[in-house]
Every structure is written in C-alpha cells, then in structure tokens.
Amino acid sequence: QISLLIGFISVNNSSWTDYSAYSFFQIVTMCDLVMILFFYIMHIFGVYRKLTCVSWPLAEFLHYLIGTILLLIGSIVAAAKSYNITGLVAGATFGFLATILCVISMWSSYKVSCTTQSTGKYC
C-alpha cells in the first residue's frame with residue numbers, strides 16, 4: 001500500500017505531458033488502494049462472517065489478480081513514457097515494486113486460503 005501511495009504521489013507531483021498514460025497510472029493506483037482498504041475494513045469489522053454468500057478468498061484473489069495485471073500495464077506504460085523525468089521514473093519504479101508485492105500477497109493469500117480449506121471443516 002505504501003509503495004502504491006508513493007508511486008501515486010511521485011507521478012502526481014511531477015510535470016508530465018502525456019496525460020492519458022499517467023492518468024491511467026493514477027486511476028489504477030487509486031482504485032487498487034481503495035480496494036485494499038475495502039478488504040482491510042471488511043476483515044477488521046468481521047463483515048465477511050455475516051455475508052456468507054460471498055466467497056471472500058475468491059473475491060480477494062480476483063482483486064489481487066486484476067489489480068496486479070492493471071498495475072503492471074500502468075507501470076509499463078508509465079516507464080515507457082517517462083522521458084527521464086525523475087518523478088515519473090520514481091512513480092514507475094514504485095509501480096513495479098507494488099506489482100511484485102501484489103504478486104507475493106496474491107500467492108500468500110491463495111496459499112493460506114487453500115491450506116485453511118483443505119485442513120478445515122469444509123472437507
């Protein structure tokens with residue numbers, strides 16, 4: 001989350017000319033931040049226990065999968081259009097770092113949910 005926020009702030013505070021490339025990067029980072037906060041709030045307040053009709057491990061996995069793919073695309077476009085402006089290069093770098101961290105989080109989330117379901121009461 002912090003790397004996404006740093007990437008967003010770096011791009012937002014830089015002067016850039018290609019509006020479409022960096023607005024896409026900003027939208028992807030903000031949407032990813034909002035969705036991560038949404039899942040944290042759902043977990044903190046225990047809403048997932050009350051809404052049993054939703055498969056929360058699948059929802060979290062799909063969120064990470066879609067967010068990671070969009071973040072990777074946004075970071076590639078941002079890196080390609082950075083024109084050696086330091087703030088834009090830093091934003092793209094933090095975007096790539098956030099992509100790697102999202103992949104690790106997705107893998108650990110999938111691993112935990114599969115291990116919990118295979119050894120839990122649902123088998």
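Throughout, read-outs are computed from the coordinates displayed, never taken from laboratory work. This one's a predicted model, so the numbers in the text were calculated from it and none came from an experiment. FYI the Cβ positions are ideal-geometry reconstructions off the backbone, even for glycines, and counts take in every protein chain you see.
Work out how much length SER55 to SER108 would gain on full extension: take 0.36 nm times their residue separation and subtract the Cα-Cα distance, in nm to one decimal.
Result for the pair: 17.4 nm of gain on full extension.
Kindly write out, for the range 100-108 in residue order, the coupling ³J(HN,Hα) from the Karplus curve 6.51 cos²θ - 1.76 cosθ + 1.60 (θ = phi - 60°), rounded to whole Hz, with x marking Gly and Pro.
Those phi angles translate into 5, 5, 5, 5, 5, 5, 5, 5, 5 Hz.
Among the chymotrypsin sites (Phe, Trp or Tyr not before Pro) within the range 5-105, which fall in a DSSP loop and have no more than 14 other Cβ atoms within 10 Å of their own Cβ?
For chymotrypsin sites (Phe, Trp or Tyr not before Pro) across the range 5-105 that sit outside H, G, I, E and B with at most 14 neighbouring Cβ atoms in 10 Å, the list reads TYR83.
Report the residue, chosen from LEU62, LEU70, LEU51, that carries the largest GNM mean-square fluctuation when the chain is represented by alpha-carbon nodes joined by springs under 10 Å.
LEU51
Between Rg and the Kirkwood Rh of the range 1-45, both from Cα atoms, what is the Rg to Rh ratio?
My calculation puts Rg/Rh at 1.10.
From Cα coordinates alone, what are the radius of gyration and Dmax values for the chain in angstrom?
16.7, 56
What's the extension gain from GLN1 to SER20 if we count 0.36 nm per residue and subtract their Cα-Cα distance?
4.5 nm
By how many degrees, between 0 and 90 and to the nearest 10, does the Cα long axis of helix 19-45 differ from the longest principal axis of the chain?
That helix lies at roughly 30 degrees to the long axis.
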